[in-house]
Structures are given as structure tokens and as C-alpha cells.
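J.: Quick one: the structure is below, questions incoming.
The values are calculated or read from the model by the stated rules, or taken from the named source; none is laboratory data. Keep in mind the model is a prediction, meaning the values are calculated, not measured. Backbone-built Cβ (ideal geometry, glycine too); neighbour counts: all protein chains shown. Accessible surface areas use protein heavy atoms only, side chains included; no ligands, DNA or RNA. Shrake-Rupley method; radii C 1.70, N 1.55, O 1.52, S 1.80 Å.
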Protein chains: 2
Amino acid sequence: MLRDRIRCQPLLDKLCTADEAAALIQDGMTIGMSGFTRAGEAKAVPLALAERARKQPLKITLITGASLGNDLDKTLTDAHVLARRLPFQSDPGLRRAINAGEVMFIDQHLSETVEQLRTRQIPPVDIAVVEAVAITEHGGIVPTTSIGNSASFAILAEKIIVELNLSQPTTLEGLHDVYIPSRRPARMPIPVVTPESRVGLPYIPVPPEKIAAIVVSEKHDSSSSILPPDDETRAIAGHLKALLLEEVRQGRMGYDLLPLQAGIGTIANAVLHGFLDSPFHDLKMYSEVLQDSTFELMDAGKLTFASASSITLSSEMYRKVLPRLAEYKHHLVLRPQEISNHPEVIRRLGIICINTALEFDIYGNVNSTHVGGTHMMNGIGGSGDFARNGYLSIFVTKSLAKNGAISSVVPMVSHVDHTEHDTDIFVTEQGLADLRGLAPRERAISIIRNCAHPDYREQLEDYYARAVKRGGHTPHILEEALSWHQALKETGTMRR
Amino acid sequence: MLRDRIRCQPLLDKLCTADEAAALIQDGMTIGMSGFTRAGEAKAVPLALAERARKQPLKITLITGASLGNDLDKTLTDAHVLARRLPFQSDPGLRRAINAGEVMFIDQHLSETVEQLRTRQIPPVDIAVVEAVAITEHGGIVPTTSIGNSASFAILAEKIIVELNLSQPTTLEGLHDVYIPSRRPARMPIPVVTPESRVGLPYIPVPPEKIAAIVVSEKHDSSSSILPPDDETRAIAGHLKALLLEEVRQGRMGYDLLPLQAGIGTIANAVLHGFLDSPFHDLKMYSEVLQDSTFELMDAGKLTFASASSITLSSEMYRKVLPRLAEYKHHLVLRPQEISNHPEVIRRLGIICINTALEFDIYGNVNSTHVGGTHMMNGIGGSGDFARNGYLSIFVTKSLAKNGAISSVVPMVSHVDHTEHDTDIFVTEQGLADLRGLAPRERAISIIRNCAHPDYREQLEDYYARAVKRGGHTPHILEEALSWHQALKETGTMRR
């Protein structure tokens, strides 16, 4: 069985325990680990590393694709292993440490990390730890349910630790398309011209001698914990479908639309789920994560192809999809996140980008990351890669949070991740604001009228009316602009 | 003479006066006019239009490349012609009208306007008014000192008015490279792979029958009004040269660096001027505007090639350059602003991007547009196109403004145009903060220490120290974050 998965004979000598592999990791090193939105992360070595750190303290810089599953960020945080962490995370324990200033977190556009590594603008990766489903006869590493930054980590690192995960089905082989942009100043265009374009190799090409250790594991990916659609997410999906139908009616696209991207999480998943009941057909995705809705749409014959950097499903959907992977494989491709999120490709294909906002303001600026303007939630992830360059930059959220104590529409966001220049459409369960071609004063009126919850509409209108009296292209009352967030902190509600 | 410039014989019949041409423009129309940073704008027709509007009121949506010269935005504003204006302007009179809410201004990334026009996401251009140096025998329009959005305006408009400017030298012919991205969903890569790449036509291809009027003019472009380098801009240039030398020393690039972009204005021009006295050589520019410093560097043998969308010079430099244009031509190319500023090309080439900030905050967010968070100055222009996708995103400014009443480094910017995710390096005359790989708490320390003026350093340190006590990934005191701007308004200074 192992020989089927490790086809490069000499590498069989590299088999070792997770503890032995983890021993290669030294204090102060930069480690690049596979894993993107709880999919395909190395599982055994980080655990062994945390175990060792409890006896023998050590600190590393940990770079991944995106968030890790199996509570690994929590375990590593609890063992005080993380000095620095980039480019994304979503763990409550790590979040606490970041907000306490104990872990230095660099919150980056997901497409950018390997650009900085490749040019050594940030310290180089000493060791790459990559989960694989197999190693080819020439040492090529076949990733599992995500690629993330793994290919560049492996190519750039001094040494590679492979975690061969026997629970990941070998049918994953052939799913991946590993393309690395050529070095500047002779970089050529990335030849991806449709979501289906295959332009690279189905494995990560590395010299076998760089593989320093191979650890066998059998642990499953964590399943996603998205909530089922509810009335509000159904309403959001409804508004969005109406918008896209109008785009079709205006002749801007056909019923096959343009390639779709949807951020991770309950709302974006619910929005795509809503497309099941729509006149759209022959849809394609060019996204970063494939969630349950992707496979629902494929099963329903609505979606013909999906490109992404990872697959993250609910446990129920895993049980359905994994046994039938060979069937789905011809309709799927996994790419390095640099390519799934590449500005060049996103602009070329004209993606319809659907991402979730934590809050947005009356002028269309979006906060995706910071609670109360100061405390990190997860990170910007790929939302900026897509929102900046997409055909349509759509942000969705429910108009209220915390049982109505929080309005998702505020006078001024407390932290800006996406500026007014980068956003086109806002959707809440209340309705949709289409900001294309509108000036700030027009945007404010549209957002308040269409997106704000009725409980806060008057309060927003009052702010805006008083701000306009002071004048300006983007009217604001500076001493009051962030007062809603202060009120929430002091009184427990944004309500006046 | 006219026959040399209008080589498509039947078009000679279209010669008319500016008044006759302006009569084609009707109330409510969307007009696309040439002009980018005071270069190559149509000069006679807008004046005639303003004249007519004084007797017979009319309103239009005016789209240009960027800012217009010859006070045209002022004249059109004074005649109340402008209902809407995009994507950039820099006129004090228009600015006043925008901030009073009289003109709806849409402040866009310069690369994006024609994407929205092409897909009819914003209302279509009824008439294009394009300054030309000649019309080819098949009706191709040869632009003058800028291309901006003129090519797409002409291609997409119902009708075209050509302003044949006899004062623009015919040696401009051959300078331009007009490439229009193919339509989605079959868009191909943009084949620009070096600043020198020529991938299109030296004229704007249009069916001659779309040319509805040809007006002859002889008015010159406005000259730029940049100030000469001073001690502070020299210090900024010095810090930046030291940074780039270190990049070379680290092996990240050679002495030819990577292609340079510099925003318009005194500081960016002075920074490039500083490269005259540097060990760098065989430099290239991939920028949006070529200023005096471009030609100084070429004359000094430092710069071998420059690509941009316009040429805007001081009157002195115009007198030097225009007679020798035939010599420079082999080292220059002018492109549509969609291509000069295209995310795909900027990312591919790995541009070193130098843009001016109005203010920036201790975490590296930049305000490029709004005075006091509310009042529009000029617009974001191309700074976002470059900063998001460049190899190095550098922002420069003097640490003080208004004789020290304003600190350019503030706790929180009053408006965000470039987020912390998009900025790498900040430079003032005080020094340079290199934020690559740094978390917000580290960024704050570096920015305060290296960039803030000593007069404000303690005040910033005090803010930051108290903010840190409240915790968070990005520590802030929300009720105080914008208080510096309020203090300026109320007391005339940010000084405590």
C-alpha cells in the first residue's frame, strides 16, 4: 500500500515518525505548512511539534495557505509555538493571542504571500510541511484537498517534510494543476484563459533529495460548520439573483453568467445554494474554496466546472462527494492560491465576486476583519484579491448582528479592508444597493434605503442629513463617525 | 498642410467650427473626452460647449482619461455644464463644486473606467471628443500627448469629434500603442511582457464614417507646475535610494532595478530626479505620466525606456523635448491608461511604485484624496492600480504640512484609499519605514520612529501606548482616533 503511494523508491528510507520529523524544526525557523480553509493541512507534524514545545520551548514563524483544521492553530498557540503567523487564520484561541499582542499576525491578500517569499522580501521558508496523497516516481508531491501555498513552500524551502495521509483518497490524484509564474524580469502571461484551463503539472515538482522526512497519517480533514440557509440568507440570495437576471436582461452576460467566486462561510454558501432555484445554467466557478453548494449545483446540473484552491465540505457532503470523486474530477481543478486568486486571471475572466462583510458604511467601504476597529477576527483572506479585480464586487451580510444590537451598516467603518473604489454591490436581507456609477452622496442614499435594517434607517438618515450640511464629497461628522462603535462598547448597543 | 494631417480624403468634408461640432452635444449626453494629466485634451470643443451653455443651459456627464489642462474643468464648471464627472480631476473650481454636492464625482481607479463602459455597467458614451495629431488614410485617429481613455471612447461612442491640433508636432505619430483587451468570455492575456513591448496599433482604429466632425485647433497643452526639488524632497529621494541599494545588495534585483512608476506631482518628480545621482543605470519606467524627471534621466543616460499614458512637462522641458521628439521616440511608448495601469501587467512586470500620500496612519493606511476625511482634493487616480499590484508599494510625503499645523502621520487616517494590506514602504524627509512582513504593532513603532516629524512623535507615541493598553491586533482609541483632524478644524493645528 505504501509503495503505491511512495513511488520514488529511495524515498521509502525517509519514512519516520512525526516526532522524528518535527525534530527537524528548530527554534526561530520559518515553516511553510499546507492547509487552506481547514483542508489539506499537515496534521501529525504540527501536533508533534506542539507536544515537544511543551517540554522544550521553541518559537517559529508559521506560514500557511489559509486557516488550518483540526484545531491546529489552537494547539500551536496553546503550546506557545507561534511567534509570527501569516497570511490568515480563523481560530478563536489564536485570535485571542493575536489580539493580546502575543502572536504577530500579518494579514495579507492570499495571492501575495508567495510573491514576497519568492523575492525574499520576507524571511525564507526553512522547512515545508506538506500533506500529500502520493509521491510520484520522480519525487513529485501530489497534494490532497488543497494546494494553497504548498507548491511554492516546497519549491523554495531548504527541506520538505511530507505527510502522507492514507485517509485521503488516491482519486485526488489528477485534480491539481500546479503552475508557478516565471521569475521576473522575464515573467510571461499566466495562460489561464477559462476556469477549465490546465496549465501546469498534477503534482509539485521537487528534487526528491529535498524530501527529508515522510510521515504517515490517517487523520481526516475537519468538516466545515456552515449553517443551513435561513430566511435572511434566502432573501439575500433572492436579491442577488434578481440583480444577475437584470444583467442578463441588459445583455451584459448570458444565462451562464460569468465565472463565480464565493467567499467561505454560511452566507456565501447560502447565496450559491439559492442558484439551485434560478434560470441560470452552465455556470462555472473560479473561486478559492469549494463548499457544499458547489457540489449541490453540480449534482443539479447547474454548474459545469469549478476551479479553486481547496475543497471544504460538511461531514455529510464529504460522505457523498469523496466516494464519487472520480466522477467529479473532470469538472474540477485545484490550483495554487496565487493562481486561484491572481489579479491577472480574475480581471481577465471577469469574475462575479461574492464576499461577506463584517460591516460596511454608507459610502461603500467594507470592514472584513476587525471587530470594533481593533480586534482581529480572521483576516482579509482572498476577498481583496477578488473584490479589486472582479467584474462585479459584491458584499453580502445580514443587516443586523447580536440580536439587533449591531447594525452592519454604519456611518463609517471602524477599519477599512475594501475601499469605496473597490465595491459595486451590497446586499442584505433588506435589499440590494447597486453603486456602479454613483457618487458618494448617491451611494449613501442607496445603501441606507436598500440595505440598512429599518431599526437603524432613521438613525443613519439623521447622521447623513447632518453630515451633508457640513459639505464635502463624502460628508461626515468626524467626531461622531465612529460613535456607533463606541456606543456598542459602552452601552451594549448601537441603538440610540 | 491639412491634407497631410487628414489623409482620409472624404473626411475633409467634416471640417467645421468648434461651435458647429459642440452643437452635436445635447443635454443629458455622456461625453468621453481625451486628456490625461493636462496632456492631450480636446481644447476647442469644450470651450465652445461652455460658451453655448451660458446662453442655453445643458448638463452632461463628462468622462476623461484624468485631469484636463487649460482650465477646462473650471470653465465647464463655471458654465454649469457638468452634472457628473469621472474618473479624476484636479481643478480648484470643480473641486469646490464637487464638495458642495453640485457635481457628482465618481473617483475611480484609472484602469477601471473603460471596463465599466465596455460592459455597459455605466451609461454609454454618446460622443467622443479626441485631440489628434493626424487621421490616417483609413480614418485611424493618431492621438497627441496622451492616450488616456480616448481609444475606448472613440471605439464605443456613437459619434466622434476629432480636434486636429496643429500645434502638436507630427513627430508624435508612431509613439502610441493602442491595444484593447478582447471581449470576455474569450479574453486573452495582454501580451505586454516588458515596458518596451509594442502590442497594438499606432492609431485608434475607427470606421471613418463615425467621425462626425473635425475641428482644427492650435492651442498648446498646459505646462505642469511642479516645484523644483528642495531639501526635504532631496531627503526623501535619499532614503529611497538607500532602500533600493539595499534591495540590490540583497540580490533581489540588479542595478537596473525593476520598472519604475511615479505618481504625478512635485514630490514624485523630485524623487526620480534624485536618481540622477545614483549608481542605478539602464532604468526603465512603466508609469502613467512622464514628467520632467523622465527626460532628465534619459538625457543623463540613466533611463533607457519609458512607457506611460501621457507626457506632461514644464514649459521649459517642453521647449527642450518637443523639437527632439524624433530622437526620444525610440525610447518611449504611450498606451491606453487601461494598459499602462493594468493590474495584469503591473503584477507581471513587478513595478516599483512611488505615489504621494495626503496623510498616512501609524498602521500604514493611506489617504490620497480627502482633506479632513470629507473634502475631495483630486482623486485616487492610478495610485491604487499600482500600489495594489506592484512589487514595492511606496508612499512618499513630507512629514508636515501647513507650516507644521498638520502632521502627515496620524493615528487613523480620516479616509482610506490604500489599506494596510497594500502598502510596503513609507518615506518622509525624516526617514523610511519598511513594513514588509511586519504586524500592525510593529508597523506603528516603525512608522512613528522613522517617518513622523519630531514635533509630533511624542504625541503619536502617547496615543499608541494608550491604545495598546486596550489591546487588539490594531490598537486604537476609537473616540480619539480622528481627534487630530477635529483639533485641526477647531484650533487650526493638530498640535496638542
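J.: Can you find a residue that is open to solvent by 20 Å² or more (accessible area, probe 1.4 Å), part of a strand (DSSP E or B), aliphatic (A, V, I, L, M) and in contact with a helix residue (DSSP H, G or I) (Cβ under 6 Å, 6 or more places away or on another chain) anywhere in segment A:428-436? Quick ask: steps written out before the conclusion?
T.: The initial filter retains those residues of segment A:428-436 that are open to solvent by 20 Å² or more (accessible area, probe 1.4 Å), namely A:429-430, A:432, A:434, A:436.
Applying the additional criterion that residues be part of a strand (DSSP E or B) yields A:432, A:434.
This time we only want the ones that are aliphatic (A, V, I, L, M), so: A:432.
From what's left, in contact with a helix residue (DSSP H, G or I) (Cβ under 6 Å, 6 or more places away or on another chain): A:432.
Checked segment A:428-436: at least one residue is open to solvent by 20 Å² or more (accessible area, probe 1.4 Å), part of a strand (DSSP E or B), aliphatic (A, V, I, L, M) and in contact with a helix residue (DSSP H, G or I) (Cβ under 6 Å, 6 or more places away or on another chain).
J.: Checking A:L392 against (1) within 14 Å of another protein chain (Cβ to nearest Cβ); (2) surrounded by fewer than 21 Cβ atoms within 10 Å (Cβ to Cβ); (3) out of contact with any helix residue (DSSP H, G or I) (no Cβ under 6 Å at 6 or more places or on another chain), which single condition isn't satisfied?
T.: Every listed condition holds for A:L392 apart from (2).
J.: Condition (residue is part of a helix (DSSP H, G or I) and within 12 Å of chain B (Cβ to nearest Cβ)) applied to segment A:397-416: is it met by at least one residue? I'd like the intermediate steps shown before the answer.
T.: Start the filter on segment A:397-416 by keeping residues that are part of a helix (DSSP H, G or I), which leaves A:402-404.
Among the residues that remain, those that are also within 12 Å of chain B (Cβ to nearest Cβ) are: none.
So far as segment A:397-416 goes, no, none of its residues is part of a helix (DSSP H, G or I) and within 12 Å of chain B (Cβ to nearest Cβ).
J.: Same structure, new question: Please tell me if B:I311 is under 19 Å from B:P202 (Cα atoms) and touching a helix residue (DSSP H, G or I) at 6+ places or on another chain (Cβ under 9 Å). So that I can check it myself, show each step before the final result.
T.: On the way: under 19 Å from B:P202 (Cα atoms): yes; touching a helix residue (DSSP H, G or I) at 6+ places or on another chain (Cβ under 9 Å): yes.
Answer is yes for this residue.
J.: Do you know which residues across segment B:467-482 are touching a residue at least 40 places away in the same chain (Cβ under 8 Å) and open to solvent by 20 Å² or more (accessible area, probe 1.4 Å)?
T.: The answer is B:E480, and nothing else.
J.: So in segment B:478-496, with the set limited to residues that are within 14 Å of chain A (Cβ to nearest Cβ) and not in a helix (DSSP H, G or I), which one is nearest to B:S399 (Cα to Cα)? Show your work before the answer.
T.: Applying the first criterion (within 14 Å of chain A (Cβ to nearest Cβ)) to segment B:478-496 yields B:478-491, B:494.
Subsequent filtering for residues that are not in a helix (DSSP H, G or I) retains B:482, B:494.
Numbers: B:L482: 18, B:M494: 13 Å.
It comes out as B:M494.
J.: If you scan segment B:243-268, which residues turn out to be within 23 Å of the chain's Cα centre (by Cα) and assigned to a loop (DSSP other than H, G, I, E, B)? Working first, answer last.
T.: Quick first cut of segment B:243-268, residues within 23 Å of the chain's Cα centre (by Cα) only: B:257-268.
Correct list: B:L257, B:L258, B:P259, B:G263, B:I264, B:G265.
J.: Now a separate question. Pick from A:L62, A:L68: which is under 23 Å from A:N149 (Cβ atoms) and in a strand (DSSP E or B)? So that I can check it myself, show each step before the final result.
T.: Working: A:L68 fails: in a strand (DSSP E or B).
None of the others qualify; the one that does is A:L62.
J.: Does A:I339 satisfy the condition of being under 18 Å from A:F426 (Cβ atoms), away from chain B (no Cβ under 11 Å) and crowded, with 24+ Cβ neighbours inside 10 Å? First the steps, then the outcome.
T.: Working: under 18 Å from A:F426 (Cβ atoms): no; away from chain B (no Cβ under 11 Å): yes; crowded, with 24+ Cβ neighbours inside 10 Å: yes.
No.
J.: Related question: Looking only at segment B:30-47, decide whether some residue is over 21 Å from B:S167 (Cβ atoms), among the basic types (K, R) and open to solvent by 10 Å² or more (accessible area, probe 1.4 Å).
T.: Let us first name the residues in segment B:30-47 that are over 21 Å from B:S167 (Cβ atoms), namely B:30-32.
Among the residues that remain, those that are also among the basic types (K, R) are: none.
The answer is no; no qualifying residue exists.
J.: I'd like the residue in segment A:281-324 that is acidic (D, E) and farther than 15 Å from A:G265 by Cβ and, out of all such residues, is least open to solvent (accessible area, probe 1.4 Å). Steps first, please.
T.: First, pick out the residues of segment A:281-324 that are acidic (D, E): A:282, A:288, A:292, A:296, A:299, A:316.
From the residues that got through so far, the ones that are farther than 15 Å from A:G265 by Cβ too are A:282, A:296, A:299, A:316.
Details: A:D282: 79, A:E296: 48, A:D299: 80, A:E316: 115 Å².
Per the criteria, the residue is A:E296.
J.: Here's another thing I want to ask about it. Can you confirm whether B:L244 is in contact with an Asp or Glu (Cβ under 8 Å, 6 or more places away or on another chain) and over 30 Å from B:L24 (Cβ atoms)?
T.: Values: in contact with an Asp or Glu (Cβ under 8 Å, 6 or more places away or on another chain): no; over 30 Å from B:L24 (Cβ atoms): yes.
For B:L244, the condition - in contact with an Asp or Glu (Cβ under 8 Å, 6 or more places away or on another chain) and over 30 Å from B:L24 (Cβ atoms) - is not met.
J.: Ok, one more. Mind counting the residues in segment B:149-194 that are surrounded by 23 or more Cβ atoms within 10 Å (Cβ to Cβ) and aromatic (F, W, Y)?
T.: Here the count works out to 1.
J.: Conditions: (1) open to solvent by less than 10 Å² (accessible area, probe 1.4 Å); (2) out of contact with any helix residue (DSSP H, G or I) (no Cβ under 9 Å at 6 or more places or on another chain); (3) over 30 Å from B:G492 (Cβ atoms). B:E442 meets all but one. Number of the miss?
T.: For B:E442, the exception is condition (1).
J.: Looking at segment A:169-190 only, could you name the residues that are more than 10 Å from every other protein chain (Cβ to nearest Cβ) and in contact (Cβ under 8 Å) with a residue 60 or more places away in the chain? If you could, list the steps in order and put the result at the bottom.
T.: Here is the first cut: in segment A:169-190, the residues more than 10 Å from every other protein chain (Cβ to nearest Cβ) are A:169-180.
Hits for segment A:169-190 are A:P169, A:T170, A:T171, A:L172, A:G174, A:L175, A:H176, A:D177, A:V178, A:Y179, A:I180.
J.: Still on this model: Mind listing whichever residues of segment A:84-102 are within 16 Å of A:H370 (Cβ to Cβ) and open to solvent by 10 Å² or more (accessible area, probe 1.4 Å)?
T.: Correct list: A:F88, A:S90, A:P92, A:R95, A:R96, A:N99, A:A100, A:G101.
J.: Moving to a separate point now. So, B:G384, is that one within 11 Å of chain A (Cβ to nearest Cβ) and within 29 Å of the chain's Cα centre (by Cα) or not? Can you show your working first?
T.: Values: within 11 Å of chain A (Cβ to nearest Cβ): yes; within 29 Å of the chain's Cα centre (by Cα): yes.
Yes; evaluated as a whole, the condition is true for this residue.
J.: Further question on the same structure: Can you tell me which residues in segment B:342-369 are in a loop (DSSP other than H, G, I, E, B) and either open to solvent by 10 Å² or more (accessible area, probe 1.4 Å) or within 12 Å of chain A (Cβ to nearest Cβ) (or both)?
T.: Of segment B:342-369, the ones in a loop (DSSP other than H, G, I, E, B) are B:342, B:350-351, B:357-358, B:362-365, B:368-369.
Hits for segment B:342-369 are B:H342, B:G350, B:I351, B:L358, B:Y363, B:G364, B:N365, B:S368, B:T369.
J.: Also, quick follow-up: The conditions are (1) at pLDDT 95 or above; (2) open to solvent by 60 Å² or more (accessible area, probe 1.4 Å), and A:V199 fails exactly one of them. Which is it?
T.: Failed condition: (2).
J.: Those residues that are of a type in the set (A, V, I, L, M), open to solvent by less than 10 Å² (accessible area, probe 1.4 Å) and farther than 15 Å from B:R443 by Cβ, I need them from segment B:395-419; list them, please.
T.: Residue satisfying the conditions is B:V396 alone.
J.: Sticking with this one: Let me spell it out: the conditions are (1) touching a residue at least 24 places away in the same chain (Cβ under 8 Å); (2) within 14 Å of A:H176 (Cα to Cα), and A:H330 meets all of them except one. Which number is the exception?
T.: (1)
J.: If we scan segment B:209-222, do we find a residue that is part of a helix (DSSP H, G or I), charged (D, E, K, R) and more than 23 Å from B:G390 (Cβ to Cβ)?
T.: Within segment B:209-222, the first condition is being part of a helix (DSSP H, G or I), and the residues that meet it are B:209-210.
Now restrict to residues that are charged (D, E, K, R): B:209-210.
Then keep just the ones that are more than 23 Å from B:G390 (Cβ to Cβ); that gives B:209-210.
Yes, segment B:209-222 has at least one match.
J.: May I ask you to verify whether A:D424 is more than 14 Å from chain B (Cβ to nearest Cβ) and either closer than 27 Å to A:L258 by Cβ or open to solvent by 10 Å² or more (accessible area, probe 1.4 Å) (or both)? Full working, then the answer.
T.: Values: more than 14 Å from chain B (Cβ to nearest Cβ): no; either closer than 27 Å to A:L258 by Cβ or open to solvent by 10 Å² or more (accessible area, probe 1.4 Å) (or both): yes.
Considered against the rule, which asks whether it is more than 14 Å from chain B (Cβ to nearest Cβ) and either closer than 27 Å to A:L258 by Cβ or open to solvent by 10 Å² or more (accessible area, probe 1.4 Å) (or both), A:D424 comes out as no.
J.: Out of the residues in segment A:224-242 that are assigned to a loop (DSSP other than H, G, I, E, B) and surrounded by 18 or more Cβ atoms within 10 Å (Cβ to Cβ), which is modelled with the lowest pLDDT? Write out each step before concluding.
T.: Initial filter on segment A:224-242 (assigned to a loop (DSSP other than H, G, I, E, B)): A:224-230.
Filter again for surrounded by 18 or more Cβ atoms within 10 Å (Cβ to Cβ), leaving A:224, A:226, A:229.
On the way: A:S224: 89, A:I226: 84, A:P229: 90.
The extreme case among them is A:I226.
J.: When you scan segment B:452-477, how many residues do you find that are out of contact with any Lys or Arg (no Cβ under 8 Å at 6 or more places or on another chain), outside any loop (DSSP other than H, G, I, E, B) and not hydroxyl-bearing (S, T, Y)?
T.: 10
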